[in-house]
Structures are given as structure tokens and as C-alpha cells.
Amino acid sequence: MVRYWSWEGNYVGVQQKDYLVACDGTILGKFYGTEIYNQNGNYIGELGKNERLIKNLNKINNHRPAFSFYVKGTITAPFKNSASYPMISGFADFTISQTL
């Protein structure tokens, strides 16, 4: 299982198959290549370097097909937060509130 943190260093969750899953089993999004979309099909972020998630502000209007709200992931142990990376111009930190 690959574990992910936000660009600011907050632990987000793990990849289970094509899904980004929080430690409580909640599906946060679905991977389409390196991009992540929520259950409504809205772009919420993408994979940056070193398992860090970031949101490209130029892609906020991108969409993919919606997927079932009944999909659940496996519960996993949370990990500690990590040090933040300097923010890149044109990007914002990936936050869990973006997925709701």
C-alpha cells in the first residue's frame, strides 16, 4: 500500500486499487493516472513528488465520470504528519475538505 501526505505534510491516506482511502476507510477519491477525482467526478488534486498530494489550480474545472458513494476501503492505521514542502505557484495544498 502506498501512503500519501498533503504538500503541507498532513497525512491523507493510502492507495487501495484505484482509490485514495482515508485511515477510517472513507473513499476520498479515485486515481486516473496521477490525477485524483472525488465521487462526483470533480478534480481534487494530483500526485506530486515523494507521495505528496497537491492541487493544480489550472485543473479545477476538470471532470471524470462519477462513481458509487457505496464504495468503502479497508481501515488502516494513521501515520504521523511530515514536514511541509514549499508551495509552488499555481498550486494549492491538497486538503480533505476539498473531497467532501
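The values are calculated or read from the model by the stated rules, or taken from the named source; none is laboratory data. From a predicted model like this one, the values you see are computed outputs, not experimental measurements. A quick note on method: Cβ atoms are made from the backbone with ideal geometry, for glycine too, and the neighbour counts reach across all protein chains shown. Accessible surface is based on the protein model in full, side chains and every heavy atom, while ligands, DNA and RNA are left aside. Shrake-Rupley method; radii C 1.70, N 1.55, O 1.52, S 1.80 Å.
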Handout entry: Pairwise Lys count, the chain - Cα closer than 22 Å, eight or more residues apart or different chains
Key = 11
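What FRET efficiency do you get for residue 1 and residue 61 if R0 is 30 Å and r is their Cβ-Cβ distance, rounded to the nearest 0.05?
According to the calculation, E is roughly 0.45.
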Exercise for the section: Take 20, 57 and sort them by solvent-accessible surface of the protein heavy atoms, 1.4 Å probe, largest at the top. Expected result: 57, 20
Fill in the blank from the handout: Mean accessible area per residue over the chain (1.4 angstrom probe, all protein chains present, square angstrom) is 57 Å²
Practice task
Report the charge-dipole magnitude of the chain in Debye, nearest 20, computed about the Cα centre from +1 at each Lys and Arg Cβ and -1 at each Asp and Glu Cβ.
Solution key: 120 debye
Exercise for the section: Would you work out what percent of the accessible area of the chain, with all protein chains in place, is carbon or sulfur (probe 1.4 Å)? Expected result: 53 percent
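Please give the direction-averaged projected area of the C-alpha convex hull for segment 23-64, in square nanometres with one decimal. Present the calculation step by step, with values, prior to reporting the outcome.
Working: hull surface 13.0 nm².
Mean projected area for segment 23-64: 3.2 nm², to one decimal.
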Problem - Alpha carbon convex hull of the chain, projected area averaged over orientations, nm² - result: 5.9 nm²
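How do 29-41, 65-77, 2-14 rank on mean C-beta neighbours within 10 Å, highest first?
Taking the mean over residues of other Cβ atoms within 10 Å, the ranking is 2-14, 29-41, 65-77.
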Problem - Which of 1, 87 is most accessible, then next, and so on - probe 1.4 Å - result: 1, 87
